[in-house]
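Before any comments, here is the structure.
Where a number appears in this text, it was derived from the coordinates with a stated rule and is not lab data. Model, not experiment: these values are computed from the prediction. When we count neighbours, we look across all protein chains shown, and the Cβ atoms used for this are built from the backbone with ideal geometry, even at glycine.
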Amino acid sequence: MEQDITHQILQQETEEKQALALLLDRHLSRQDQIIVQKTQMGTTQGYIASVSLEWLASRVRFASQLPLFQQKYDPITDNIIRDAETVEELQQRPLDWSRQSHLAQYLGVVNNHKFPPILVVISSEWVNNPNATEWGSDRRALVSVDDFTPLDGQNTLGLLNINSEFSIFALDGQHRLMGIQGLMELLKTGRLEVYNKYKKPTGNTITTQDLIEEYNLNSPDLQKLSQEKIGIEIIPAVVIGETYEEARRRVRSIFVHVNRMAISLSKGQLVLLNEDDGFAIISRRLAITHPLLKDSDENDGNPRVNWDSATISSKATVLTTLQALQDMAEGYLGDKFIHWKNKDKKNLIALRPDDEELEEGLDALQEVFDYLAELPSYKRLEKGVKTFELRRFSHEQGGGEANMLFRPVGQIALMQGLGFLVFRRELDLKIIFKKLNQFDANGGFSGIENSNSLWYGILYDPMKKRIQVSGRKLATRLLIYILGGVDNELEIAEIRKALAEARTIKDAATNEEKTIDFHGKFVKPRQVGLPDML
């Protein structure tokens, strides 16, 4: 008897599941509605759903296309025209169309791709018609714009009407929408235009054939991407009892708040979280393992790497930044692992290197840092000298030695030069550092604020009395030259000319240009020569 009852219960559950499956299949096969679950936060009611990428790209528009902004909408860039009327209403940064091709490729070529849900608002034609019957005599909405049909007793699970009478706009996730639209265009037409940030064509395109050849993909798998699902949360443009202005204020407030809450990651945090860029991966590993970089008792437990900011303050005890370490890794190993870089000529993104290559790259980076740690300037850290004492200029509070090896720009320039010498010129690293040790011991990296320094006017701006990041490329060329990596007379002449130009300043009194030689005297540009090679 008990077994019969159990069997009947199980049989009933099976029949109910089958009936529910048939019901859902019937409703979900319709294109004018989707199954949703209600959400509620504060006074904001919404609906959670799952839709295909193809549906999202075709049905969802940008927030700037909301009727609220139609008079100030730029149809070319899909941005709001900023003026006195709109500046107080709009808090989100404009769309950056240069990101579209990268986002589309991410979805197309990275296996474990994932976009977070997108927040959208659903509206209808009557919302912007003050004479519509949905507005009462007191100008308040008699109904909500969302047409929801519950399927459960709690009124939380059901079907939302999304037929052609409704318009849907993205409030949060507009760049994700842009990337998905780009992917759909690529799949449908076989090509995607590459834009600059203002949606002006750059003259470059990405094709599905590029992706198939570069990433070993096949066309059927690419086409399947259009049916992948993404989450969306839908809120109504108007709810019952609201005036038009109250509804507009509520939607605008949500638009502002969701974008204010989405704080941008710092450059260091981006490197810290990047699991696809080979240079970022090995620079992180190096930062926590190499004696020159990891926290140590000799450094009173203070960190040697700034993990967040891309800059170093005058009082900071750090040696470098994580962002600079990534740039150093790319500068040194870029010619060894060319395929680790984004393929700019084809506008294609780079994928994560395999573990074997990452280990090879880390070994090479550790080797050069072992040599760096033996430079006289860095050896002084073991004796308790603080990084800021070596980094600061003499005119800064507390004074310092103005050593370029304690500035990110100098570190990156050195590593780029070393990478060229080792992997392009195939020079021996041991011999290179024998020269650098002598150069450093003679003060070659210190006192860059003084006219007798090779780096004066290049990494140090004598007029503004501060670091000059724009001189990094020339600093790299000079390092390559003094280390014996340049043997072309024409190139040597170009470096000499560039050095003279860097040491040329404009006299404030006479408005004349004057060139400073290595003795601090004003001379003609051609009188500024190059130092001897090491």
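Counting only lysines at least 8 places from Lys200 when in the same chain, those with an alpha carbon closer than 20 Å to its own are Lys72, Lys345, Lys346. Ranking Leu286, Leu427, Pro116 by Cα position along the charge dipole of the chain, where only Lys, Arg, Asp and Glu carry charges on their C-beta atoms, puts Leu427 farthest toward the positive end.
Here Lys315 is the anchor, and the lysines within straight C-alpha reach of less than 23 Å, apart from those fewer than 8 places off in the same chain, are Lys267, Lys294, Lys379, Lys383, Lys386, Lys464, Lys465.
Of Ser377, Ser314, the sequence from fewest to most neighbouring Cβ atoms within 10 angstrom is Ser314, Ser377.
Maximal additional length on extending the His257-Ser50 stretch stands at 72.2 nm, based on 0.36 nm per residue less the C-alpha distance. List the GluC sites (Glu not before Pro) within the range 153-210 that DSSP assigns to loop and that have no more than 14 neighbouring Cβ atoms inside 10 Å. Listed in order of number, the matching sites are Glu165. Along each principal axis, taking the top coordinate minus the bottom one, the Cα set of the chain gives 95, 69, 49 Å in descending order. Were the residues from Ile492 through Lys229 laid out at 0.36 nm apart, the gain over their Cα-Cα distance would be 88.9 nm.
For Gln33, nonlocal amide neighbours, meaning residues 5 or more places apart or on other chains whose placed amide H falls under 5 Å from its own, are Ile162. Taking label positions 7 Å along the Cα-Cβ direction at both Glu13 and Arg380, the computed distance is 7.6 nm, reported to one decimal. Put a dot 7 Å past the Cα of Met533, heading toward its Cβ, do the same for Glu360, and the two dots end up 3.0 nm apart. Counting charges near Leu56 (Lys, Arg +1; Asp, Glu -1) among other residues having Cβ under 11 Å from its Cβ returns a value of +2. Using θ = phi - 60° in the Karplus curve 6.51 cos²θ - 1.76 cosθ + 1.60, the 3J(HN,Hα) couplings for the range 391-399 round to 7, 5, 6, 5, 7, 7, 4, x, x Hz; x is entered for Gly and Pro.
With viscosity 0.890 mPa s and temperature 25 °C, the Kirkwood radius over alpha carbon pairs of the range 31-263 converts through Stokes-Einstein to a diffusion coefficient of 129 µm²/s. For the range 459-515, the set of GluC sites (Glu not before Pro) satisfying both a DSSP loop assignment and a count of at most 15 other C-beta atoms within 10 Å is given as Glu512. How would you classify the range 374-497 from its alpha-carbon gyration tensor, with a ≥ b ≥ c the square roots of the eigenvalues: rounded for a/c under 1.5, else prolate if a/b is greater than b/c, otherwise oblate? Oblate, because a/c is 1.5 or more while a/b does not exceed b/c. For Tyr460, nonlocal amide neighbours, meaning residues 5 or more places apart or on other chains whose placed amide H falls under 5 Å from its own, are Gln468.
For the chain, the relative contact order comes to 11 percent (Cα pairs under 8 Å, sequence separation of at least 6). Here the residues Asp146, Asp138, Asp461, ranked from fewest to most Cβ neighbours within 10 Å of their Cβ, fall in the order Asp138, Asp461, Asp146. Between Arg526 and Arg425, the contour length at 0.36 nm per residue exceeds the Cα-Cα span by 33.5 nm. Neighbour counts of C-beta atoms inside 10 Å place Arg139, Arg391 in the sequence Arg139, Arg391, starting with the fewest.
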